[in-house]
Amino acid sequence: IKTPLTSIINYANLISEEECSSDKHKEYAEVLLRKSEHLKRLLDDLVEISKATTGNLDVALAPCEAGVLLTQAVGEFEQKCQSAELELISSQPENKIMIMADSRRIWRVFENLMNNACKYSLPGSRVYLTLTEDNGEALFIFRNTSRTILNISPSELTERFVRGDASRSTEGNGLGLSIAQSLTALQNGKMDIIVDGDLFKVTLRFPII
């Protein structure tokens, strides 16, 4: 599937770079490119989640400082939150908290959760990213206020191709939370979701070393 899709994207790129005879032709070329790239992301996500759920994804666990991971997430997404009219608020303890994780895989989890927050939060609200510890576990807590009421259960949200609200018009594919949950489990962690009205909260739990 990837080979013909790559060809479609390449030709879509060539069409978009050509001088078009009309604005309509230019518009069609841009839509073709955008949709083909969206299809490629969907295919990549499907491959990743298939590998993750069957245990065929390489995971290299190593000691990681949880506070550094949180700080990196804040630095990466602060501007994106501002562009979405969101205030990103973070907090973490002063003491160092170490966990075993694959830095690349856990970053993918953070990326999925923060992208969801930027896409679906109520403009003018706050996104909270917190690190704390409890009973020998490091807890990464993501909280945001949804722009719509989340009339769906946490278990349904982690099913593939399911999004919290059917009216969402963004180009998400409903795989982000499922991928995040699978990748967290592969790193001996646990992901919990709480939905309360328009409050959305995800907690990632990892054993402290």
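Side notes on the structure shown:
- Under conditions of 10 °C and 1.306 mPa s, region 1-122 yields 89 µm² s⁻¹ as its translational diffusion coefficient, taking Rh as the Kirkwood radius over Cα pairs in the Stokes-Einstein equation.
- Electrostatic dipole magnitude of region 29-116 [Cβ: Lys, Arg +1; Asp, Glu -1; Cα centre; debye, to 20]: 300 debye
- Distance cut-off 20 Å, percentage of C-alpha pairs in region 61-141 lying past it: 33 percent
- Structure note, pairs 80/119; 26/119; 40/80; 24/119: Cα-Cα distances above 20 angstrom occur for 26/119; 40/80; 24/119.
- Rounded accessible area per residue of the chain, 1.4 Å, Å²: 56 Å²
- Rel. contact order, % - alpha carbon contacts under 8 angstrom, at least six apart, the chain: 20 percent
- Summary of packing: across the peptides 65-72, 103-110, the per-residue average of other C-beta atoms within 10 Å ranks them, highest first, as 103-110, 65-72.
- Nearest 10 degrees, 0 to 90: helix 23-53 Cα axis against the chain principal axis: 40 degrees
- Angstrom value of the Kirkwood radius, inverse mean 1/r, which spans all Cα pairs in the chain: 18.7 Å
- Seen against the Cα atoms of the chain and their longest principal axis, helix 2-17 is set at about 60 degrees.
- DSSP bridge pairs, region 53-156: antiparallel proportion in percent, nearest 5: 70 percent
- Column: log10 I(q)/I(0), Debye, Cα scatterers of region 111-153, q = 0.20, 0.21 Å⁻¹: -0.70, -0.75
The values are calculated or read from the model by the stated rules, or taken from the named source; none is laboratory data. Computed from a predicted model, the values in this text were never measured in an experiment. Virtual Cβ from ideal backbone geometry, glycine too; neighbours counted across all protein chains shown. For accessibility, only protein heavy atoms count, side chains too; no ligands or nucleic acids. Shrake-Rupley method; radii C 1.70, N 1.55, O 1.52, S 1.80 Å.
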